[in-house]
Amino acid sequence: GGFERFDELRHEESTLATALHAAGYRTALIGKYLNGYPGEKDPSHIPPGWDEWASPVKGSAYAGYRYTLNENGTAVKYGSGPDAFMMDVLAGKALGFVRTAAASGQPFFLYLGTYAPHKPATSARRHAGLFPDLRAPRPPSFDESDVRDKPARIRSLKRLTDGQIATIDALYRKQIRSLQAVDEAVAALVKALQETGQLANTYILFTSDNGFHMGQHRLDPGKYTPYESDIRVPLLVRGPGVPAGATSSALTSSVDLAPTIAALAGADLAVQPDGRSLAPLLQGQAPGAWRQVILLEQFAFPPAPPKGGDKTLEPPDPQDEKASADYPAHVGLRAADFKFVEHGTGEREVYDLKKDPDELVNLRSRISRKWMNDLAALARSLSSCAGAACRQIEARPLPSLPE
């Protein structure tokens, strides 16, 4: 439902921002907020809990130029000149907030939501000529040769043509170019924290909202599938007590971000989170009774809005207009070494991720119906739980993938 539904349910009154603000933090959101913001609300609307606010309310934010920002309640238009490039504007505001907040002595929290590398993946003009020969990754699942064991949607796809592959490579180059300005912004923020004496006392979390398939299993670029390309995102953290170069194989999810940040800040969330704090993992502690499985969930798409009726501000990916047919709802589980998915069509997929990380061999015809039914019941219980109940369910021992 995006912003309008979030606002309608009055969720803005109980967010991470309101919790951090109540704990004494100076807060800033710079960049993307929710799809559909500001909707029918006054474009000067600033959600509770934010001291500094700069988010697009009109124009072509995704295209990087010709957009309007709500800057602390004032609409500011940006054109198409080099100094109007979205990522650079957001970076400048983020740097200003860090320096001002650091000088005040007040603890601070910055949420920087970039638009890159979302389509159209506009890069800064200084990066336009980079990586002329770069190609998209070619994992074994790229243009998969045998899809007879896949759901009907995948079976209906033909092998990728040379033209489709060229289009995939061109988009990948654009995405990587668009991320160079993000890379520069992160480096500048680290430098600003260092110069203000705050780096050793600051946690930095870098992540993304979704993965993106590019040719895997014969699919044109997009998202919405339960495959590894779509569900996995980077999560990099640095900060006090985080060992340099350390990694963790514990299963983590985006629902962990709010409780993690709240725990690190000593703030109390008004809403019981479904996720769990990653703070112990960041300090190198054993996870203990950690989750054994991650819920995978894709809801059915609502009917497409009428022409001109889409208020999301997010340009639709080509597959969005036919997503209801091409990407049916699914629910599933991602464990440490296997994956189970049940599609809204009734089709099922099972993968041994240890032996088959590229998800080439669907084991559903070799697995007992009882095992799959048990996993389906577990997935449905996770899709309907809330708060502590979710943490209890996901921590239960899982039935092993049958030999």
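The values are calculated or read from the model by the stated rules, or taken from the named source; none is laboratory data. Just so you know, these numbers come straight off a predicted model, no measurement behind them. Backbone-built Cβ (ideal geometry, glycine too); neighbour counts: all protein chains shown. Ligands, DNA and RNA are excluded from the accessible area calculation, which covers all protein heavy atoms including side chains. Shrake-Rupley method; radii C 1.70, N 1.55, O 1.52, S 1.80 Å.
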Residues located in segment 77-129, provided they are touching a strand residue (DSSP E or B) at 6+ places or on another chain (Cβ under 7 Å), surrounded by fewer than 16 Cβ atoms within 10 Å (Cβ to Cβ) and either without any contact (Cβ under 8 Å) to a residue 40 or more places away in the chain or in a loop (DSSP other than H, G, I, E, B) (or both): Lys77, Ala84, Gln106
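Yes/no per residue for (1) under 22 Å from the mean Cα position of the chain (by Cα); (2) under 29 Å from Pro221 (Cβ atoms); (3) among the small types (Gly, Ala, Ser):
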{"site": "Val331", "(1), (2), (3)": "yes, yes, no"}
{"site": "Ala336", "(1), (2), (3)": "yes, yes, yes"}
{"site": "Val350", "(1), (2), (3)": "no, yes, no"}
{"site": "Lys354", "(1), (2), (3)": "no, yes, no"}
{"site": "Leu363", "(1), (2), (3)": "no, yes, no"}
{"site": "Ala377", "(1), (2), (3)": "no, no, yes"}
{"site": "Ser384", "(1), (2), (3)": "yes, no, yes"}
{"site": "Leu401", "(1), (2), (3)": "no, no, no"}
Residues (assigned to a helix (DSSP H, G or I) and either over 16 Å from Leu296 (Cα atoms) or of a type in the set (S, T, N, Q) (or both)) located in segment 362-377: Arg364, Ser365, Arg366, Arg369, Lys370, Trp371, Asn373
Failed item in (1) more than 22 Å from Ala188 (Cα to Cα); (2) out of contact with any helix residue (DSSP H, G or I) (no Cβ under 8 Å at 6 or more places or on another chain), with Glu40 passing the rest: (2)
Qualifying residue in segment 287-294 (condition: open to solvent by 20 Å² or more (accessible area, probe 1.4 Å), aliphatic (A, V, I, L, M) and at pLDDT 95 or above): yes
Any hit, segment 137-160, residues being crowded, with 17+ Cβ neighbours inside 10 Å, assigned to a helix (DSSP H, G or I), in contact with a strand residue (DSSP E or B) (Cβ under 9 Å, 6 or more places away or on another chain) and in contact (Cβ under 8 Å) with a residue 40 or more places away in the chain: yes
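Yes/no matrix, rows are residues, columns are (1) at pLDDT below 95; (2) of a type in the set (A, V, I, L, M):
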{"site": "Leu199", "(1), (2)": "no, yes"}
{"site": "Tyr203", "(1), (2)": "no, no"}
{"site": "His213", "(1), (2)": "no, no"}
{"site": "Leu219", "(1), (2)": "no, yes"}
{"site": "Pro226", "(1), (2)": "no, no"}
{"site": "Gly239", "(1), (2)": "no, no"}
{"site": "Thr247", "(1), (2)": "yes, no"}
Residue pairs meeting the criteria (Cβ under 9 Å; at least 6 apart or on separate chains; first farther than 11 Å from Arg135 by Cβ and in contact (Cβ under 8 Å) with a residue 60 or more places away in the chain, in segment 165-181; second open to solvent by 40 Å² or more (accessible area, probe 1.4 Å) and assigned to a helix (DSSP H, G or I)): Ala181/Asp88; Ala181/Arg126
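Would you pick out the residues in segment 215-274 that are part of a loop (DSSP other than H, G, I, E, B), within 30 Å of Pro140 (Cβ to Cβ) and small (Gly, Ala, Ser)?
Scanning segment 215-274 gives Gly215, Gly245, Ala246, Ser248, Ser249, Ala250, Ser253.
For Ile176, are the conditions met, namely being open to solvent by 30 Å² or more (accessible area, probe 1.4 Å), of a type in the set (Val, Ile, Thr) and either modelled with pLDDT under 95 or closer than 24 Å to Thr122 by Cα (or both)?
So Ile176 fits the description; yes.
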Verdict on Ala181 being open to solvent by 40 Å² or more (accessible area, probe 1.4 Å), assigned to a helix (DSSP H, G or I) and of a type outside the set (Asp, Glu): no
When residues of segment 276-286 are limited to those that are part of a loop (DSSP other than H, G, I, E, B) and in contact (Cβ under 8 Å) with a residue 24 or more places away in the chain, the one least open to solvent (accessible area, probe 1.4 Å): Leu278
Selected residue (criterion: nearest to the chain's Cα centre (by Cα)) from residues of segment 19-40 that are part of a helix (DSSP H, G or I) and closer than 22 Å to Leu90 by Cα: Leu20
Filter result for Leu16 (crowded, with 22+ Cβ neighbours inside 10 Å, under 21 Å from the mean Cα position of the chain (by Cα) and under 26 Å from Gln194 (Cβ atoms)): yes
Given (1) open to solvent by 30 Å² or more (accessible area, probe 1.4 Å); (2) out of contact with any Cys (no Cβ under 8 Å at 6 or more places or on another chain); (3) in contact (Cβ under 8 Å) with a residue 60 or more places away in the chain, number of the condition Phe206 does not satisfy: (3)
Qualifying residues in segment 378-397 (those that are open to solvent by less than 40 Å² (accessible area, probe 1.4 Å) and not in a helix (DSSP H, G or I)) - the one farthest from Gln298 (Cα to Cα): Ala395
